Amino acid sequence: MKIGIVSPEPIGESMSGIGIRMLEMGNVLSKTHEVIFFVPKESKPIKTNFPIKGYKKEAISEFLKDRDLAIVQGEPANYLLSQNFKGYIIVDLYDPYSIEALSYDDKAFEF
């Protein structure tokens, strides 16, 4: 399967948890699938077993057009879901606060 993994955070020598998480997904999935890892333009090159390419979030579906599956997280997920991507989409809920907030009632916001 052709998989595109889209990191919302830059990668390099110093990475955030989200960048590390997405990169490790790429390491595991690239053992059995054709992976391209998409990163924000300000990322620094690192050595991996799969290609790393920059993307523009406003045109993310264009960057993923030859992928069967996209794994996204954060703001790029919003852009991809609003575009016309023809493949499968997995949204990684690394921080599921937005989903959790759906269960709150009005009392949850009283201080």
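The values are calculated or read from the model by the stated rules, or taken from the named source; none is laboratory data. These numbers come from a predicted model, not from an experiment. With ideal geometry, Cβ positions are generated from the backbone for all residues, glycine too; neighbour counts draw on all protein chains shown.
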Checklist entry - Taking interchain pairs and intrachain pairs at least six residues apart, which have beta carbon atoms under 8 angstrom, with the first residue in the stretch 39-68 and more than 15 Å from residue 9 (Cα to Cα) and the second among the aliphatic types (A, V, I, L, M) and assigned to a helix (DSSP H, G or I)? => result 48/23; 61/80; 64/80
Checklist entry - Within the stretch 58-90, which residues are assigned to a loop (DSSP other than H, G, I, E, B) and among the hydroxyl-bearing types (Ser, Thr, Tyr)? => result 82
Checklist entry - In the stretch 19-60, how many residues are of a type in the set (Val, Ile, Thr) and surrounded by fewer than 18 Cβ atoms within 10 Å (Cβ to Cβ)? => result 5
Checklist entry - Looking at the stretch 1-20, which of its residues are closer than 21 Å to residue 63 by Cα, assigned to a helix (DSSP H, G or I) and in contact (Cβ under 8 Å) with a residue 40 or more places away in the chain? => result 18
Checklist entry - So residue 74 fits all but one of (1) surrounded by 14 or more Cβ atoms within 10 Å (Cβ to Cβ); (2) at negative phi; (3) not acidic (Asp, Glu); what number is the exception? => result (2)
Item to check | Test result for residue 16, modelled with pLDDT of 90 or more and among the hydroxyl-bearing types (Ser, Thr, Tyr) | outcome: no
